[in-house]
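Asks: Encoded as structure tokens, here's the structure I'll be asking about.
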Amino acid sequence: MSTSPARRRSAISLAATRARALRARRPIPEDPMPHLPSSPPFSDAPAAGGAVADLPRESRQRASLPGPGRLQLWGGVECTINRVGDAWSDQARFTGHHERAVEDIRRFEGLGIPLVRYPLLWEAVAPDSLEQPRFEVFDERMDVLRESRLEPILGLLHHGSGPHYTSLVDPAFPEKLAAYAAAVAERYPWVTYYTPVNEPLTTARFSGLYGVWYPHARDHATFARALVNQVRGTVLAMAEIRKVNPHAKLVATDDLGRATGTEQTRGQVDFENTRRWLSWDLLLGRVTPEHPLHDYLVQKGGLSVDELRELADSPCPPDILGINHYLLSNRFLDSETDWYPGFTHGPRDPENGLEYADVPALETARADSPPLEDILREVWERYGDLPYAVTEVHIDGDPGTQLQWLWEVWNAASRLRGEGAPLVAVTAWSLLGTYDWNTLCTTPPGGEVYYEPGVFDVRSGAVRATELTKMVRSLATTGTYRHPALEQEPWWRLESRFRYARELREELAS
């Protein structure tokens, strides 16, 4: 299943605005922090006390979830391997991590974080067949991880559709993923935490609804099949892993924001706000005939009642829900399309003829974007005592902006934890930065790709510490941090953030 390159580019232009539900990709407003002083340079050395790699093995403690007390800070490596047409894009190749893995892991350990989201992706390990995995390429880095104080949360698929011998709509995809997971667990039986599939709902949307990633479809049936295949693959993968390690834990991640809109778009808003929970609801066995989207998945998605019943009867509850929220994750669906350029307009609804603009709520003066704390509170309200973590915190911008966003997320999570929410951690994502997310990782091979620094900056070919490095070390080891940038108002609270309908606010102000 595919689309023409021209149609794909058209889909990408619409999906690019929706992609801000994944990543905050916008130019920084002019002079966002005009008086931000520069901080003194600092070393890339481990925190005081020496590298934990120097400690005797018997003196190290494996990480565990926090009990009553302060929040944990974790880290993560942006590691997407996604497919566009017949080309695969690999973040770890862009950042140089494949060549530098051992040194990078020691850098991560020096941050003082207890857990790290780390890739051992199917496409990289078994690109040709499940019978010929290349574990020997990865054994050294896995050994270093085992000997460190870092507990890996091992990712097996990250916005991918698998190697060339499968796809998200392959009927055998779940069993093939489970077979790969079994091989991983047998090779590395000491690993406890797993994310078999990162963001299954988001991946299904961009592959099955928006036509951006393989198989480049734009229909409900492909979306539903891709989603259920990933969820069922997760269930089967965890079953195989637990045959080797009965104590293995599932960290189930997905993107989470909230949609708002005008009265005319209320139906679509309600649908999107229900759909955002779907991957977790499926894992928890909640998608029974009483679920609001059960009939949608059967009637429009083409799924059988029997396969939904099978998932409901054999749930695989996550041990930790992973919430990936970006600054522009919240959407505003506006029926007054004249305020917005054409690329923000979604396709006209064939049932009611409705056309609307889909834009980041933060960027239009016609909306108020819900604060992150409200989104995180919704998780608590919906899933009760089930532990959860913010598993991706990243923003493109100058150093001060990056500090401000991590600080805002850390404080929101800390407040909720203080109220009793089972919120266990915040994750500094993109430890090595990200490449090409401004195009949704669709730049053709050999094309120039845009880089966003993370906790470390690798754009020069060398790994350089950043202001964020110091903040991460401090939050991980002390729970607090001080910097002049944190006393400034971030750009997302300034009037200059509005791209759309700005004249409305100016009129009200006058």
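The values are calculated or read from the model by the stated rules, or taken from the named source; none is laboratory data. Just so we're clear, the structure is a prediction, and the values are computed from it rather than from any experiment. Cβ coordinates were reconstructed from backbone atoms using ideal geometry, including for glycine residues, and neighbour counts include every protein chain displayed. For accessibility, only protein heavy atoms count, side chains too; no ligands or nucleic acids. Shrake-Rupley method; radii C 1.70, N 1.55, O 1.52, S 1.80 Å.
Asks: Taking the alpha-carbon distance from Lys249 and a cut-off under 21 Å, which lysines remain once sequence neighbours fewer than 8 residues away in the same chain are dropped?
Replies: Lys176
Asks: Report, ordered by chain and residue number, the aspartates and glutamates lying within cross-link reach of Lys470, taken as a straight Cα distance under 19 Å and ignoring same-chain residues fewer than 8 apart.
Replies: Correct list for Lys470: Asp44, Glu103, Asp104, Glu109, Glu392, Asp396, Asp398, Glu408, Glu452, Asp457, Glu487.
Asks: How large is the dipole of the range 133-264 about the Cα centre if only Lys and Arg carry +1 and Asp and Glu carry -1, each at its Cβ, rounded to the nearest 20 debye?
Replies: I would put it at about 180 debye.
Asks: Now for a different question. Counting other Cβ atoms within 10 Å, keep those with at most 14, restrict to DSSP loop, and tell me which trypsin sites (Lys or Arg not before Pro) in the range 105-176 are left.
Replies: Arg134
Asks: Moving on. Work out how much length Ser314 to Arg93 would gain on full extension: take 0.36 nm times their residue separation and subtract the Cα-Cα distance, in nm to one decimal.
Replies: 75.8 nm
Asks: Also, quick follow-up: Let me make sure I get this right: for the range 177-248, a, b and c are the square roots of the gyration tensor eigenvalues over alpha carbons, sorted descending. Under 1.5 in a/c it's rounded, otherwise prolate if a/b > b/c, else oblate. Which is it?
Replies: Taking the square roots of the gyration eigenvalues as a ≥ b ≥ c, the range 177-248 is prolate.
Asks: Might you report the magnitude of the Cβ-based charge dipole of the range 380-510 about its Cα centre, with Lys and Arg at +1 and Asp and Glu at -1, to the nearest 20 debye?
Replies: 380
Asks: When only Cα pairs under 8 Å and 6 or more residues apart are kept, what is the percent relative contact order across the range 187-337?
Replies: 29
Asks: Of all accessible surface on the range 300-375 at a 1.4 Å probe, what whole percent is carbon and sulfur?
Replies: C and S atoms contribute 45 percent here.
Asks: Tell me the carbon and sulfur percent of the accessible area for the range 457-507, rounded to whole percent, probe radius 1.4 Å.
Replies: 44
Asks: With point charges of +1 on the Cβ of Lys and Arg and -1 on the Cβ of Asp and Glu, referenced to the Cα centre of the range 430-510, which listed residue (Leu440, Leu468, Leu494) lies farthest in the positive direction of the dipole?
Replies: Most positive-ward Cα: Leu468.
Asks: Among the DSSP beta bridges whose two residues both lie in the range 61-207, what percent are antiparallel, rounded to the nearest 5?
Replies: 25
Asks: Separate question: Accessible area per residue for the range 389-510 in Å², computed with a 1.4 Å probe and the full protein assembly in place, what is it?
Replies: 40
Asks: Pull out the extension gain between Ala462 and Asp306, defined as 0.36 nm times the separation in residues minus the alpha carbon to alpha carbon distance; nm, one decimal.
Replies: 50.8 nm
Asks: Could I ask something else about it? Evaluate the distance, in nm, between pseudo-label points positioned 7 Å from the Cα of Asp219 and of Glu136 along their respective Cα→Cβ axes.
Replies: For Asp219 paired with Glu136, the spin-label model returns 4.5 nm.
Asks: Gap in Å between the Cα centre of the range 445-507 and the Cα centre of the range 235-250?
Replies: Taking the Cα centre of the range 445-507 as reference, the centre of the range 235-250 is 37 Å away.
Asks: Quick one: grab the alpha carbon gyration tensor of the range 442-510, order the square roots of its eigenvalues as a ≥ b ≥ c, and give me rounded if a/c is under 1.5, else prolate or oblate depending on whether a/b is larger than b/c.
Replies: Oblate shape, in that a/c is at least 1.5 and b/c is the bigger or equal ratio.
Asks: Could you do me a favour and compute the accessible area per residue for the range 216-298, 1.4 Å probe, result in Å²?
Replies: 35
Asks: With label points built 7 Å along Cα→Cβ from the Cα atoms of Ala239 and Glu336, find their separation and express it in nm.
Replies: Label at Ala239, label at Glu336, 5.3 nm between them.
Asks: Straight distance only, please: which aspartates and glutamates reach the Cα of Lys300 with their own Cα at less than 12 Å, same-chain residues fewer than 8 apart left out?
Replies: Asp219
Asks: Let me ask something else. Do any GluC sites (Glu not before Pro) in the range 63-168 lie in a loop, going by DSSP, with at most 11 other beta-carbon atoms within 10 Å of their beta carbon, and if so which?
Replies: Listed in order of number, the matching sites are Glu131.
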